[in-house]
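Derivation of every value follows stated rules applied to the coordinates shown; laboratory data play no part. Treat the numbers as computed from the prediction; the structure is a model and nothing was measured. Ideal geometry is used to build each Cβ from the backbone, glycine not excepted, and the neighbour counts take in all protein chains shown.
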């Protein structure tokens, strides 16, 4: 297990630009080979370099777990072909394209935006193999952006209510605590990339935040 601090294109919001599960990390083109190797070694995964629908905001657009990756309908065929070299991929035919912002999933469960479409609910259940549970975090519906989870633990926004934390904990079946990243940012997904083997964390993350993140994700 390993932890590194890193940025992407000079931004500390690494979770906006990248996604990982237990098998792969998806990063946008333009990353140096050195940084891609760092990510691969830290997370113990293969690297897939691609945009999603021409966008570099991979982490906001993609979600998934060990069983597969969910991508929006805006994805291009060549991007889909590239991803399918590494993972099972399902295209979600929904007007909602920022799947990473509305779904928080691990191998045991998933929390979804309360107004998620039937297509999203079905894909989470059938393709990711977990039960989707509606929830809010800090009274906000964008649960994917407000939390980060692995198969070992999860962190959600410092603004989460106690009853919301319990719902997320029950859904994901791991211990959940509240926290921040990158010097107080409550949208914790934006600054953390993690699986059960390691974590890449935004470089503005302070000592107390870093201790909380590594303890909760057990990396």
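Structure data summary
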{"item": "The chain, relative contact order in percent, only Cα pairs under 8 angstrom and at least six apart counted", "result": "22 percent"}
{"item": "Residues 84, 165, 121, sorted so that the one with the fewest Cβ neighbours within 10 Å comes first", "result": "84, 121, 165"}
{"item": "Relative packing of 109-116, 86-93, which averages over residues the other C-beta atoms within 10 Å, highest first", "result": "109-116, 86-93"}
{"item": "Length released on extending from residue 118 to residue 162, taking residue separation times 0.36 nm less the Cα-Cα span", "result": "13.0 nm"}
{"item": "Estimated distance in nm for a label pair at residue 215 and residue 80, the labels positioned 7 Å out from Cα along Cα-to-Cβ", "result": "4.5 nm"}
{"item": "Calculated on alpha-carbon atoms, Rg and Dmax of the range 1-95 in Å", "result": "12.6, 38"}
{"item": "Extended-chain gain in nm, criterion 0.36 nm per residue less alpha-carbon gap, residue 38 and residue 126", "result": "28.4 nm"}
{"item": "Mean projection area, nm², convex hull over Cα of the range 111-219", "result": "6.3 nm²"}
{"item": "Neighbour-count ranking [beta-carbon atoms within 10 angstrom, fewest first] of 9, 142", "result": "9, 142"}
{"item": "For the range 189-205 and the range 20-75, distance of Cα centres in Å", "result": "13 Å"}
{"item": "Cα-based Rg / Dmax (Å) for the range 95-153", "result": "10.5, 32"}
{"item": "Size-normalised alpha-carbon gyration radius of the range 42-143, reference 2.2 N^0.38 Å", "result": "1.02"}
{"item": "Theoretical gain in end-to-end length, residue 139 to residue 91 [0.36 nm per residue, Cα-Cα removed]", "result": "14.4 nm"}
{"item": "Hull shadow area, averaged, the range 2-217 [alpha-carbon convex hull, nm²]", "result": "9.9 nm²"}
